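Written out below as structure tokens is the structure these notes cover.
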Amino acid sequence: EAGVTQSPTHLIKTRGQQATLRCSPISGHTSVYWYQQALGLGLQFLLWYDEGEERNRGNFPPRFSGRQFPNYSSELNVNALELEDSALYLCASSSYSGGAAYEQYFGPGTRLTVT
Amino acid sequence: DAKTTQPPSMDCAEGRAANLPCNHSTISGNEYVYWYRQIHSQGPQYIIHGLKNNETNEMASLIITEDRKSSTLILPHATLRDTAVYYCIVRVARGQGAQKLVFGQGTRLTINP
């Protein structure tokens, strides 16, 4: 069974541009999560999507946004890129049923570099 | 903020058992203990989780103290490929907060040949 996939593997952008990162969850998983891992800051929760809706977001500005498609894949968009947005962006997926949380499985990540 | 405390680093000899401790003295009755690990520059990998009973799977064993204020992850026969940062996470099972994994700094485990 295929795991969580992310694309692209690496992305280089300049300050002020927009970045789009993509994630495909494990088959059967309806929830997708996004995390940011910046150097020295650890893994920070960004966004949670389930059944096409944003369910929760972390302490990030509105220029971090995303969406989930009917096939449960997801996009993370980062507008007006700043140098400090350079990080590894990780996507995870899980089942979600009746309000119960299940273990999250992570993809390999997209490394975004802003110059 | 992470609700767990872990030693920043540990070493273990290849082939020996690696025992990684975690303190979670403020854990609530409805919170589970989860363990993940992250090998350099890869996505975190789920290892195991438990509520109050000891758990074992093909990767590891999880020992939770009776008062649930601490736990130990055991890798029974560590290999070089087990070198990674190990994260202990406390997480509720239901509700809005359940969906957010809060990662601390973890323990950097180095397996030595």
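The values are calculated or read from the model by the stated rules, or taken from the named source; none is laboratory data. Keep in mind that what you see is a predicted model, and the values were worked out from it rather than measured. Reconstructed Cβ throughout: ideal geometry from the backbone, glycine too, with neighbour counts over all protein chains shown.
Here are a few things to note about the model shown:
- Top-ranked residue of region B:80-104 - restricted to ones that are in contact with a Gly (Cβ under 8 Å, 6 or more places away or on another chain) and modelled with pLDDT of 90 or more, ranked as surrounded by the fewest Cβ atoms within 10 Å (Cβ to Cβ): B:Val85
- Single unsatisfied condition, A:Glu103 versus (1) touching a Phe, Trp or Tyr at 6+ places or on another chain (Cβ under 6 Å); (2) surrounded by fewer than 17 Cβ atoms within 10 Å (Cβ to Cβ); (3) closer than 15 Å to A:Ala19 by Cα; (4) not hydroxyl-bearing (Ser, Thr, Tyr): (3)
- Test: residue in region A:89-96 that is under 11 Å from the mean Cα position of the chain (by Cα), surrounded by 13 or more Cβ atoms within 10 Å (Cβ to Cβ) and among the aliphatic types (A, V, I, L, M): yes
- The residue pairs whose first member lies in region A:69-82 and is over 12 Å from A:Ser24 (Cα atoms), whose second member is hydroxyl-bearing (Ser, Thr, Tyr) and modelled with pLDDT of 95 or more, and whose beta carbons are closer than 6 Å, counting only pairs six or more residues apart or on different chains, are A:Asn77/A:Thr20; A:Asn77/A:Ser65.
- The listed residue being free of Cβ contacts under 8 Å to residues at least 40 places away in the same chain and within 12 Å of chain A (Cβ to nearest Cβ), out of B:Gln45, B:Gln38: B:Gln45
- Here is the figure for region B:1-56: residues that are farther than 17 Å from B:Phe103 by Cβ and among the small types (Gly, Ala, Ser) total 8.
- Of everything listed in (1) under 14 Å from A:Ser93 (Cα atoms); (2) among the hydroxyl-bearing types (Ser, Thr, Tyr); (3) within 10 Å of the chain's Cα centre (by Cα), the single unmet condition for A:Thr5 is (3).
- Matching residues, region A:53-112, being under 27 Å from B:Gly50 (Cβ atoms) and in contact with a His (Cβ under 6 Å, 6 or more places away or on another chain): A:Ser93, A:Ser94, A:Ser95
- Of everything in region B:73-101 that is closer than 19 Å to A:Asn59 by Cα and among the basic types (Lys, Arg), the residue that is farthest from the other protein chains (Cβ to nearest Cβ) is B:Arg91.
- Selection of region B:102-113 for residues being hydrophobic (A, V, I, L, M, F, W, C) and more than 14 Å from every other protein chain (Cβ to nearest Cβ) yields B:Leu109, B:Ile111.
- Any chance A:Ser31 is crowded, with 18+ Cβ neighbours inside 10 Å, hydroxyl-bearing (Ser, Thr, Tyr) and within 19 Å of B:Gln45 (Cα to Cα): yes
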